[in-house]
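Engineer: Below you'll find the structure I mean.
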Amino acid sequence: MSEDRRGDDVFEELPVMALREVVMFPRSIMPLYVGRDASMKSIEIAQASYSKLIFLVNQHTPEVEKPGTQDLAKVGCVSKVLQRLRLPDGTCKVLFEGVYRARWEELHEDGCTMAKLRRCADTPGQQEEVEALVQTVREALDEYAKTCRKISPDLLMSIKAVKEPGALANTIVPHLKVDYHKKQKVLDEDDVVHRLELTYELLQSEVSLASVEKRIKNRVRVQMERNQREYYLNEQIKAINREMGRDDDPQAEVDEIEQKLKKMDLPEEARSKALTEAHKLRNIPSSAVEYTVVRNYVDWILDLPWNALKETVIDIEKARDILDGDHYGLEKPKERILEYLAVQKLSHGLKGPILCFVGPPGVGKTSLAKSVARATGRDFVRLSLGGVRDEAEIRGHRRTYVGALPGKILQSLKRVKFNNPLFCLDEIDKLSSDYRGDPASALLEVLDPEQNNTFMDHYLELEYDLSKIFFITTANTLHTIPVPLLDRMEVIELNSYLETEKRHIARRFLLPRQIQEHGLKSTNLHVSDNALIEIIRSYTYEAGVRDLERQIAALCRKTAIRLVEENDLDKCVSITRNSLPSLLGVKRYRHDEREVEPRVGVCAGLAWSQRGGEILLVETTLMAGSGHVVTTGQLGEVMTESAKAALSYVRSRADLLGLDPRFHRKIDIHVHVPAGATPKDGPSAGITLATSITSALLGIPVRNDVAMTGEISLRGRVLPIGGLREKLLAARRSGVRKVIIPHDNEKDLKEVPDEVLRDLKIVFVEHVDEVLPQALAATSEEIFSGRGNTQPICRALRLEKHDNQPTQ
Ligand code: ADP
């Protein structure tokens, strides 16, 4: 039977000792340090008694020095004083052994505080329930011993040996490291079942607390180990660097990079990627190649103007002034640009088509784009796409390549340091593609307003926003621009300049600019109008004004040298038409000169090239032979075929023209187009070839004041051609009076300046039959009715007669 069961009506009187934050349990042996006088007295009295018993009771209020009745718990433990040891400081160390639980009834003073006590009796519960609880508590105790390792195996054995349920709880609880209030609750409990339940709860909460504690400890340990390891390694790297005499500290460098990245305004994705890369640097020796690779990558991210926007303004009046101030003429393009800017201003954004300036070289496409940049307050970037074949030039190389870099778009942005410049993509028509990928498709992504806010460069592998950039593209021709690209662009045409326009541009822009660039004063050089026209006509051959500017620069150089040689910086050098040969050399071009008199087989065609329009003389001679057709003068395939088509047409009209239907068998035909060294191609010389051949066959000269252009079909129909404006300019320049053009080109005349049309008689034709009477120096009847040459055979004979004199 347990000590608690021995009759609970027994009263005893024992000295009392109040305990601070300690709860004494029956069966437990506990040393306590005793210092208070009252406690000392109680112990002495207890020791003096036969039983050596004392009532140890917990004090709710440990801070109270002299506890009263209200400070003491109701239930305490009657204990035996086993041993008392006096310590040098006057206190004692006393060993107690708990005997039974007791409840005090009253306290009184009798040498020390004495308590009248009643033993507490356990209330046994239902047997099965108690047994089950005992089992559960034992298991919980095992678990506790395993996880907390605060109970030694011997102790565990001895606790397990306790059979009596109430005593089991009393034995376990003193060993738990729980708050004394909780322990007091167990001590207070008379009901065994409840006491066991409380014990179980305490064990469980201790176990779960211990496992959380263990987890935390583990985590802290791992973190500490990692930190220690990194610290140790970093210190080692530093020591190695010091040892090797490298004073730059890569770690400090990385710290600096990381700080910069944290402060910089850039997308989160880019920041975290850059931070990850920068972190890699910590573990790579700075002399390793990989260090440079990673460092370059991080530098690129640091250097790009991710969100740096330059303040832009759109003031239409100011823009108009700037455009007019920078460029002469170009009315239509300027107006179109201003409209575009106005729409941008209203819609507060750039989501519109990309502008594409199309025109021959030197007409001011790039410089117009530069003016637009100035007018909108943006920086100007130019990227020439001529000959770009490799997609990587636009989109960059993947980082796996040695020496990889981002594409030219990002390179240019890095240079300007703002993310909203005006980007001029020059010569977009010269893009080409090969096995290295298709740059056009990369450009498609760059120029598409719907997707260019997430442009992906191969090197960066991060989305980059290009949507704030104002793109303008330039091209010489639209034919070679890939259709999907063209689709995204709004074409603005810049035409070639008239002679008078060139003169104005030279006078107002090129001359003042060159004078200034050569360090001259405006009074140092005077160029007469006639001299300018002569330069335009005889020293340049172009649609634009680039060569003209070069010639003017040459004049400025010559002037500069004269001023310096003569040591007269205020001298005014006057340049007239006559002084040009001595300054610029002999005339370089003698083009556009029509024949001085009508000639047989020589017909003036009109051609178009990048440099503008020009007169192209086609010559045909006949020789005795066997039906061969020879073409010379570097004619392209299309032009050679055109010559054959022209001949076939003439043969089909042999009867009407009064020719022997088999005339071609007796002769060889030689068609030549000077200048022989310049390649020529295109179908638009069709009617010229036909006229020239017919003239040679009929022996009728072609009028020298007529020029023509038009493609020919086998049946003699005249088909429309391109470049009419430039061709008519060339015709007027060379003094031609009459120009024969396809009927279908009539609509294009509105592009031609009035001053040009005033000097020309334009004849529209639908069939070659209409061309011949206009071009040949003979009447329609003479040509078609064969009057004077009625016998076909007679013409053939005439041909034979001419065989000996091939040139006419
Ligand atoms: P493109 O890009 O069409 O080949 P540029 O823009 O390089 O031609 O122009 C060549 C030169 O001609 C530049 O110096 C430019 O200022 C000048 N220029 C062209 N057109 C004009 C014009 N209408 N007014 C003034 N200068 C012009």
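The values are calculated or read from the model by the stated rules, or taken from the named source; none is laboratory data. Just so we're clear, the structure is a prediction, and the values are computed from it rather than from any experiment. Counting neighbours? That spans all protein chains shown, and the Cβs are built from the backbone with ideal geometry, glycine included.
Engineer: Restricting to the range 504-529, count the residues that are within 12 Å of the ligand (Cβ to nearest atom) and surrounded by 12 or more Cβ atoms within 10 Å (Cβ to Cβ).
Structural biologist: Total satisfying the criteria: 11.
Engineer: Do you know which residues across the range 343-370 are part of a helix (DSSP H, G or I), within 13 Å of the ligand (Cβ to nearest atom) and either buried (at least 22 other Cβ atoms within 10 Å of the Cβ) or not polar (S, T, N, Q) (or both)?
Structural biologist: Lys365, Leu368, Ala369, Lys370
Engineer: If you check Gly387 against the conditions, is it at positive phi and exposed (fewer than 15 other Cβ atoms within 10 Å of the Cβ)?
Structural biologist: Criteria met by Gly387.
Engineer: Also, I was wondering about something else. Within the range 654-735, which helices (runs of 4 or more DSSP H) (wholly inside it) include 1 or more residues that are touching a helix residue (DSSP H, G or I) at 6+ places or on another chain (Cβ under 8 Å) and of a type in the set (Gly, Ala, Ser)?
Structural biologist: The qualifying helices (runs of 4 or more DSSP H) are 686-698.
Engineer: Considering only the range 8-37, state which residues are part of a loop (DSSP other than H, G, I, E, B) and either of a type in the set (Ser, Thr, Tyr) or under 60 Å from the mean Cα position of the chain (by Cα) (or both).
Structural biologist: Ser28
Engineer: Pull up the range 531-544, narrow it to residues that are over 17 Å from Ser582 (Cα atoms) and surrounded by fewer than 23 Cβ atoms within 10 Å (Cβ to Cβ), then point me to the one that is farthest from the ligand (Cβ to nearest atom).
Structural biologist: This residue is Tyr541.
Engineer: Do the conditions hold for Leu478, that is, is it under 45 Å from the mean Cα position of the chain (by Cα) and either among the basic types (Lys, Arg) or away from the ligand (no atom under 16 Å from the Cβ) (or both)?
Structural biologist: Considered against the rule, which asks whether it is under 45 Å from the mean Cα position of the chain (by Cα) and either among the basic types (Lys, Arg) or away from the ligand (no atom under 16 Å from the Cβ) (or both), Leu478 comes out as no.
Engineer: Let me ask something additional. So in the range 545-565, with the set limited to residues that are among the β-branched types (Val, Ile, Thr) and loosely packed, with under 14 Cβ neighbours inside 10 Å, which one is farthest from the chain's Cα centre (by Cα)?
Structural biologist: My answer is Val564.
Engineer: Right, another one. Mind listing whichever residues of the range 422-474 are in a strand (DSSP E or B), buried (at least 20 other Cβ atoms within 10 Å of the Cβ) and not aromatic (Phe, Trp, Tyr)?
Structural biologist: Answer for the range 422-474, where residues must be in a strand (DSSP E or B), buried (at least 20 other Cβ atoms within 10 Å of the Cβ) and not aromatic (Phe, Trp, Tyr): Leu422, Cys424, Leu425, Ile472, Thr473, Thr474.
Engineer: Here are some residues: Glu128, Glu65, Glu109, Glu143. Which one is of a type in the set (D, E, K, R) and either at pLDDT 90 or above or under 23 Å from Val22 (Cβ atoms) (or both)?
Structural biologist: Matching residue, one of Glu128, Glu65, Glu109, Glu143: Glu65.
Engineer: Now for a different question. Take the residues in the range 295-321 that are without any contact (Cβ under 8 Å) to a residue 60 or more places away in the chain and buried (at least 18 other Cβ atoms within 10 Å of the Cβ); name whichever of them is nearest to the ligand (Cβ to nearest atom).
Structural biologist: It comes out as Ala319.
Engineer: Scan the helices (runs of 4 or more DSSP H) fully inside the range 164-273 and keep the ones with 3 or more residues being out of contact with any strand residue (DSSP E or B) (no Cβ under 9 Å at 6 or more places or on another chain), exposed (fewer than 11 other Cβ atoms within 10 Å of the Cβ) and modelled with pLDDT under 85.
Structural biologist: 192-243
Engineer: Take Tyr328 and decide whether it is away from the ligand (no atom under 16 Å from the Cβ), buried (at least 16 other Cβ atoms within 10 Å of the Cβ) and among the hydroxyl-bearing types (Ser, Thr, Tyr).
Structural biologist: So Tyr328 fails the test.
Engineer: When you go through (1) aromatic (Phe, Trp, Tyr); (2) crowded, with 21+ Cβ neighbours inside 10 Å; (3) modelled with pLDDT of 90 or more; (4) within 15 Å of the ligand (Cβ to nearest atom) one by one for Tyr497, which number turns out not to apply?
Structural biologist: Unmet condition: (3).
Engineer: Another one. When Arg229 is evaluated against the numbered criteria (1) without any contact (Cβ under 8 Å) to a residue 12 or more places away in the chain; (2) under 30 Å from Lys408 (Cβ atoms), which criterion, by number, is the only one it fails?
Structural biologist: (2) is the only condition that Arg229 fails.
Engineer: If I filter the range 387-395 for residues that are modelled with pLDDT of 90 or more and more than 16 Å from the ligand (Cβ to nearest atom), do I get at least one hit?
Structural biologist: No - not one qualifying residue is present in the range 387-395.
Listed here are the residues, each with its yes/no results for (1) assigned to a strand (DSSP E or B); (2) in contact with a Pro (Cβ under 6 Å, 6 or more places away or on another chain); (3) among the basic types (Lys, Arg); (4) touching a residue at least 60 places away in the same chain (Cβ under 8 Å).
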{"site": "Gly613", "(1), (2), (3), (4)": "yes, no, no, yes"}
{"site": "Val618", "(1), (2), (3), (4)": "yes, no, no, yes"}
{"site": "Leu622", "(1), (2), (3), (4)": "yes, no, no, yes"}
{"site": "Ser626", "(1), (2), (3), (4)": "no, no, no, no"}
{"site": "Val638", "(1), (2), (3), (4)": "no, yes, no, no"}
{"site": "Glu641", "(1), (2), (3), (4)": "no, no, no, no"}
{"site": "Ala645", "(1), (2), (3), (4)": "no, no, no, yes"}
{"site": "Ser648", "(1), (2), (3), (4)": "no, no, no, yes"}
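Here is a yes/no grid of residues against (1) within 16 Å of the ligand (Cβ to nearest atom); (2) within 29 Å of Leu689 (Cα to Cα); (3) of a type outside the set (Phe, Trp, Tyr):
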| position | (1), (2), (3) |
| --- | --- |
| Ala553 | yes, no, yes |
| Lys587 | no, no, yes |
| Pro598 | no, yes, yes |
| Thr620 | no, yes, yes |
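Engineer: What is the one condition in (1) outside any helix (DSSP H, G or I); (2) at pLDDT 90 or above; (3) within 15 Å of the ligand (Cβ to nearest atom); (4) within 24 Å of the chain's Cα centre (by Cα) that Pro406 does not satisfy?
Structural biologist: All conditions pass for Pro406, except number (3).
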